[in-house]
Amino acid sequence: METRLHPRFENDPAARIAEDALRACVHCGFCNATCPTYQEQGDELDGPRGRIYQIKQVLESGEANTTTRTHLDRCLTCLNCMTTCPSGVDYNHLVAFGREVIEEDLPRGWRDRLLRALLVRALPARWPFRLALGLGRLARPLLPATLKRRVPARHGARAGATNIGAVTPAGFPHGRVLLLGGCVHDAIDARINAALRGLLGRLGIEVVEAGEARCCGAVEHHLAFAERTRERVRANLDAWESILANGVDAVVSTASGCGVMLRDYAHILADDPTYAARAARFTAQVRDPVELFDIQTIRSLGIRAPADHPPVAWHAPCTLQHGQGLAGRVEPLLQAAGFHLVPVAEPHLCCGSAGTYSILQPAMAGRLRQRKLDNLEASGPARIVTANIGCQTHLQYGTDTPVEHWLTLLERHCGATPAGA
């Protein structure tokens, strides 16, 4: 796709990256075939190809308009289009550039500004979210069923999952990882990080955590607060520096959505002379939990589902399969542990959670969730498992079928002692 940058963007490195992405596009439209919003709307402007053309107009004219903002706001950034694209278009950074220009050029209405300001301040800060969640849980018994589902039940860490000393080999002979707690993760379901600590501890892998849990920056990034995102990333690198300096084999988040953001640190600070090299080293160490396990490891841990365990449905988050390119990695581990996975149609489509999307675009998010649940529950599973706290919470709001993280499912059926690492 031929394009010419407006003089406004000639010296903008992000615009150059966007231009390169545009030039890679061959207009084939394969991306539309797998785009959730295009499937729902049937509107070219609500598909990746249409959004690419709209961003092209911004690059060439130097101006954004409210129509472009509407259709970029409606994009989930699920990155399904990047998995489908035969030309390697970097849609992720292209759409991020478009959103940043829009936020700079087009002031939003006061309601929208207020909601976005609350999100960008409350979620990363942790305590406002925890306070609101705590109050919601106190009132939960009094709420009608539809609202009750919106307030996640308390899921504290099981004692057995954190008491790894009883089953850990002497010391930690097999490595050391930094586990990032995230901003709202443990408040919603503390079992997940506890499960990973327990499983890795059984393998002789030391798990260290930063003294103060911090948001990875995904909230600011989703909302196109560009400079605030860069400030967050710099602050995180500074906060984690002492742990990283002592040596870790991997940096891990049990939320695949955070994992995508962490893997993008090198890109976000690529033009920062002080932090670029540190960000690149950090990004190179980021791993999703599924990359720390294989079939042999699952067997060595003595993880085995009972013979009569009911079937489960696997939901692959977009951030795992498209954002991190790890599609098909969890299923063999669950099957090796003896879980029967039911077939699920349209596994590539987004559930509608997408970070803050389900709050800002509730109607579309609700339609996509129902479509996803219809597919997940078509074969009557007793449980749905996933790899991202956002998907877990979003899906649970729409169903009575239990939804949990794949790590907690494995840890719950872990043998009393590891069979050998």
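Below is a table of values for the structure above.
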| read-out | value |
| --- | --- |
| Residues being over 17 Å from A18 (Cα atoms) and in contact (Cβ under 8 Å) with a residue 60 or more places away in the chain - total across the range 54-85 | 6 |
| Residue under evaluation Y38, criteria (1) touching a residue at least 24 places away in the same chain (Cβ under 8 Å); (2) under 23 Å from Q324 (Cα atoms), criterion not met | (1) |
| Selection within the range 9-28 - assigned to a loop (DSSP other than H, G, I, E, B) and surrounded by 15 or more Cβ atoms within 10 Å (Cβ to Cβ) | D12, C25 |
| Failed item, numbered, when V219 is tested on (1) out of contact with any Ser or Thr (no Cβ under 8 Å at 6 or more places or on another chain); (2) of a type in the set (A, V, I, L, M); (3) under 26 Å from T386 (Cβ atoms) | (1) |
| Enumeration of residues in the range 40-51 that are under 24 Å from the mean Cα position of the chain (by Cα) and either at positive phi or open to solvent by less than 10 Å² (accessible area, probe 1.4 Å) (or both) | D46, G47, P48, R51 |
| Test for D271: is it out of contact with any helix residue (DSSP H, G or I) (no Cβ under 8 Å at 6 or more places or on another chain) and surrounded by fewer than 20 Cβ atoms within 10 Å (Cβ to Cβ) | no |
| Residues within the range 255-286 that are in contact with a Ser or Thr (Cβ under 9 Å, 6 or more places away or on another chain) and not in a loop (DSSP other than H, G, I, E, B), tallied | 12 |
| First in the range 4-21 and closer than 13 Å to F97 by Cα, second anywhere and of a type in the set (S, T, N, Q) and in a helix (DSSP H, G or I), Cβ under 9 Å, 6 or more apart | A21/N92 |
| Selection status of A354, over 15 Å from A313 (Cα atoms), open to solvent by less than 40 Å² (accessible area, probe 1.4 Å) and part of a loop (DSSP other than H, G, I, E, B) | yes |
| Options T83, T68, T37: the member that is outside any loop (DSSP other than H, G, I, E, B) and open to solvent by 60 Å² or more (accessible area, probe 1.4 Å) | T83 |
| Counted residues, the range 360-374 - those being open to solvent by 40 Å² or more (accessible area, probe 1.4 Å) and of a type outside the set (A, V, I, L, M, F, W, C) | 6 |
| Leading residue by the ranking (least open to solvent (accessible area, probe 1.4 Å)) among those in the range 223-240 that are within 16 Å of A270 (Cα to Cα) and acidic (D, E) | E227 |
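For every residue, the table says whether it meets (1) out of contact with any Cys (no Cβ under 8 Å at 6 or more places or on another chain); (2) at pLDDT 95 or above.
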site	(1), (2)
V26	yes, no
C35	no, yes
V58	yes, no
L72	yes, yes
L79	no, yes
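Matching residues to (1) free of Cβ contacts under 8 Å to residues at least 12 places away in the same chain; (2) of a type in the set (D, E, K, R); (3) in contact with a Gly (Cβ under 7 Å, 6 or more places away or on another chain):
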site: I295; (1), (2), (3): no, no, no
site: I298; (1), (2), (3): no, no, no
site: R304; (1), (2), (3): no, yes, yes
site: W314; (1), (2), (3): no, no, no
site: T319; (1), (2), (3): no, no, yes
site: R329; (1), (2), (3): no, yes, no
site: S353; (1), (2), (3): no, no, yes
site: S358; (1), (2), (3): no, no, yes
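One line per residue, one yes/no per condition, for (1) within 20 Å of the chain's Cα centre (by Cα); (2) open to solvent by less than 10 Å² (accessible area, probe 1.4 Å):
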{"position": "R329", "(1), (2)": "yes, no"}
{"position": "A337", "(1), (2)": "no, yes"}
{"position": "V344", "(1), (2)": "no, no"}
{"position": "L376", "(1), (2)": "yes, yes"}
{"position": "V385", "(1), (2)": "yes, yes"}
{"position": "G390", "(1), (2)": "yes, no"}
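The values are calculated or read from the model by the stated rules, or taken from the named source; none is laboratory data. Nothing here was measured: the structure is a model prediction, and the numbers come from that model. Using ideal geometry, Cβ is built from the backbone for each residue, glycine included, and neighbour counts are taken over all protein chains shown. Note: accessible area is taken over every heavy atom of the protein model, side chains too, but ligands, DNA and RNA are not part of it. Shrake-Rupley method; radii C 1.70, N 1.55, O 1.52, S 1.80 Å.
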